[in-house]
Structure formats: C-alpha cells, structure tokens
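Derivation of every value follows stated rules applied to the coordinates shown; laboratory data play no part. Since this is a predicted model, take the numbers as computed values, not measurements. Virtual Cβ from ideal backbone geometry, glycine too; neighbours counted across all protein chains shown.
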Amino acid sequence: MPIPKEKEIVIKAINQLGRRVSVSDIATRTGLPLNSSSLLINQIASETGGHLQVSPSGEIAYLFPIGYQSRYITRGIQRLIEKFTEKTFALGFFLMRISFGIMLILSLAIIAVIFFAIVISASKNRDDDDFRFDFNFFDWMILQDLLWNFNYSTYSPPNRISAKGTRKQNFLYDCFSFLFGDGNPNANLEERRWQAIAQLIRKDNSSVTADQLAPYTGTAPDNEDAVLPILVRFDGQPVVTESGNIIYRFPALQTTAIIGSASNTTKPYLNELPWQFSRANADSVVWIVVLAALNFLGSWWLFFETSRIPELAFAMPLIVLLVTYGTAFVAIPAIRYMFIQALNKKIEARNKVRQEYAARLNNPDEKLRNKLLEAKKMQIDQQAISADNLAYDTGRSALEQSIPNVS
C-alpha cells in the first residue's frame with residue numbers, strides 16, 4: 001500500500017533530523033503547516049511505535065526507533081492477507097454453514113443403508129459356516145434405543161425468531177453453530193472503544209489524562225504512548241503542565257449542533273463480552289446431539305463389523321470416511337467448548353484490569369488527584385452552533401441572507 005506523499009515527506013525529514021524531532025522541526029524542514037505537521041507526526045508515531053519525550057521546560061519531542069519505516073511494509077502485507085482471507089471466507093461461508101447439516105443427515109442415511117445391507121446379507125448367509133456375523137442382542141438394543149429416540153423425540157420445530165429477535169433458527173445453520181459457534185461477540189469491540197473514548201472526552205470537556213483513558217485502552221495508566229492513536233483520530237494536542245503532567249486536549253470535539261444536554265451513556269470501562277458455545281435453541285441442540293450420536297456410534301459399529309466381513313471390504317474406505325466425520329462432529333464441539341472456557345477466562349481478566357483502572361479514578365491518590373485537577377482546569381467550554389445565530393446557511397439563498405432582518 002503506497003504511503004501518501006506528505007507522509008513520505010515527513011518520514012524523510014525525520015530521518016534527516018536523526019529520528020528525534022519536534023513538530024516545529026518538521027514544519028521548518030518540510031514547509032508544511034504546523035497543524036499538518038502535528039497530525040502527520042502523530043500518525044507516524046502511532047503506526048510505527050514512536051515515543052513522546054517531555055523536556056523540563058515542557059516541550060514535547062518525538063523519538064522514532066531505528067528502522068521504523070519498515071513497519072509500513074509489514075502493515076501493508078498484513079492488510080493484503082487480511083483482505084484476501086476476508087474475501088475467501090465470505091465466498092464459502094454460506095456453503096459451509098449448510099454443508100455440515102446436510103452431511104450429518106446424508107452420513108446417517110448412508111450408515112442406515114449399509115446397516116440394512118449387512119442385516120440382509122447376514123440373513124441370507126446365516127447357514128454359511130464361513131460367514132460369522134455377530135449381531136447380538138446387545139447391539140440390537142443399542143440401535144433400537146437410538147432409533148426410538150430419533151423417531152419419537154419430543155423435538156418441536158425451532159422458532160425461526162430467537163429470543164433476541166434477530167437470529168433466524170434453521171436446522172442446517174444450527175448444525176454449523178453447534179460445531180463452530182456464531183462468531184466473535186466482540187467483533188465491534190474497536191468501534192465500541194472509540195465511541196466510549198469520544199464520549200468520555202466530550203463529557204470531560206475535551207481535557208483528559210492517560211489515567212482516564214486507561215479503562216478503555218486497557219493499557220497501564222502511566223503509558224502515555226497509548227494515547228497517540230487517540231490524538232491522531234480526534235485531532236488532539238498534548239500539553240505539559242508546570243508539574244510535568246501531560247494533559248490531552250481535543251478542541252475539535254467540543255463543537256456541537258445539539259441544543260440542550262445530551263444524556264451521558266459513557267460506561268465506566270470497556271467491557272468485552274464472553275463467547276457463547278452456540279445460540280441455537282435447546283430443542284435444536286438436542287436434535288443435533290441425537291443425530292451426532294447416531295453417526296458416531298453407528299459409524300464405529302459399522303467399522304468393526306465390516307472389518308470382519310471380507311465381502312464388504314470394498315466399502316471400508318467409505319466407512320472410514322463416515323467414522324472420521326462422525327468422530328469429528330463430536331470432537332470439534334468438545335474441543336471448542338474447552339477453548340471457549342479458556343478464552344472467557346482471559347476476557348474476564350482483561351475486563352477486571354480495566355475495571356480496576358476505573359475504580360482507581362474513583363479513589364485517586366494525591367498524585368493522581370492533582371493530575372485530574374490540572375486536567376479539569378484546562379477544560380474547554382462546549383461551542384454550540386445555534387440555528388438562530390448563523391452567519392450563513394447553504395439551505396437559504398444568498399440574497400435572502402444578505403438582507404438584514406428588520407423588525
């Protein structure tokens with residue numbers, strides 16, 4: 001992915017200046033406006049792992065690691081791989097979702113056909129001393145119980161609308177859900193993170209500290225580098241106080257056209273949602289488990305019986321395939337269940353860390369209290385754009401707006 005021209009100019013200037021620069025250094029070297037220089041240097045520092053440095057007089061410098069430019073190449077390759085993976089997954093996702101349910105039913109039908117072929121073959125050759133088919137009473141009772149449950153279960157057709165009112169129930173889809181789940185519940189985590197950060201900044205009148213952002217970034221409160229992406233996204237400015245604390249101000253977020261106070265929906269910290277095993281309803285899961293059990297037990301039974309019948313050796317590759325599928329249909333959900341438990345423990349740990357960062361703000365020590373007070377003194381009043389006091393409105397004609405309003 002090509003780097004924008006102005007960004008290339010700034011990167012070249014950073015290299016020429018020895019990788020440790022200030023915004024004014026970049027503006028002087030490149031001739032770019034100070035605002036553009038500040039925005040670009042924040043972007044580059046955020047994307048390549050640059051660091052903020054504060055002098056005793058309160059001036060801010062940016063230090064870039066050796067070889068930082070090569071990270072753009074790595075990021076470009078990663079984006080291409082991600083895009084290719086996304087397209088490939090989208091192409092086959094629908095077929096994958098329905099194929100597992102179809103194969104579950106189809107494999108059971110094949111097992112039934114082979115099973116009855118063996119029974120018929122055994123009845124025709126029961127007087128043959130060379131043919132031994134040990135289909136005993138115990139085998140029959142197991143299969144009879146399974147078939148009874150299959151035909152006379154209390155299963156009722158699943159409701160096509162879930163409790164949430166968004167997910168349509170479908171047996172073929174539910175098979176996929178049972179095997180592989182329903183996707184990442186935190187797929188929109190970054191979107192929720194940026195929304196919460198923007199709401200926090202506006203609530204605190206565009207003057208915040210890294211400590212206040214920590215419950216949403218998840219990084220340590222004293223990690224000032226974690227604020228760089230936020231500065232880039234919301235056009236922020238770092239300011240150093242007389243006591244050496246860094247306060248981040250976001251004037252652009254204080255302009256609003258909403259008249260009156262909007263309700264504050266900011267959560268105290270960013271909460272990740274736990275993974276669910278499946279959103280299929282209980283009846284669907286029971287139905288799938290019955291079919292999976294029939295496939296698993298039936299395929300293994302066929303495998304052991306067929307291995308003792310030379311006349312059915314030709315069917316062994318198919319039976320091995322059925323055994324593999326039937327076993328996988330049981331093993332995959334079991335392994336996934338254990339994986340989800342471990343994954344949810346990590347999510348719970350991250351939520352706990354962010355919650356502790358939020359609790360720290362409610363009971364700050366003296367150092368943090370002073371820092372928060374300094375941020376409060378730098379708050380910016382909200383700039384409301386009133387519909388009754390406009391210099392110009394493109395929704396009205398120029399002639400109409402040039403005529404003074406005479407009462």
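Just a few scattered comments:
- Taking a ≥ b ≥ c as the square roots of the eigenvalues of the alpha-carbon gyration tensor, the stretch 1-124 is classed prolate because a/c is 1.5 or more and a/b outweighs b/c.
- J(HN,Hα) series, the stretch 290-298, from Karplus relation 6.51 cos²θ - 1.76 cosθ + 1.60, nearest Hz, glycine and proline x: 4, 5, 5, 5, 4, 5, 5, 5, x
- Seen from PHE339, the other residues with C-beta closer than 14 Å to its C-beta sum to a net charge of +3, counting Lys and Arg as +1 and Asp and Glu as -1.
- Net lengthening on full extension, THR266/ARG308 (0.36 nm per residue, minus Cα-Cα): 8.3 nm
- Toward the positive end of the charge dipole of the stretch 5-68, with +1 on the Cβ of Lys and Arg and -1 on the Cβ of Asp and Glu, the farthest Cα among HIS51, ALA13, LEU39 is that of ALA13.
- Too-long pairs where the Cα-Cα distance tops 26 Å, listed order kept, from LYS267/LYS367; LYS267/LYS345; LYS7/LYS371; LYS267/LYS376; LYS83/LYS352; LYS267/LYS346: LYS7/LYS371; LYS83/LYS352
- With contacts taken as Cα pairs under 8 Å at a separation of at least 6 residues, the stretch 5-68 carries a relative contact order of 32 percent.
- The stretch 5-68 shape via C-alpha gyration tensor axes, a/c threshold 1.5: oblate
- Charge tally for ILE81 (other residues, Cβ to Cβ under 14 Å; Lys, Arg +1; Asp, Glu -1): +2.
- Projecting label points 7 angstrom from Cα along Cα→Cβ for TRP194 and ALA220 puts them 2.8 nm apart.
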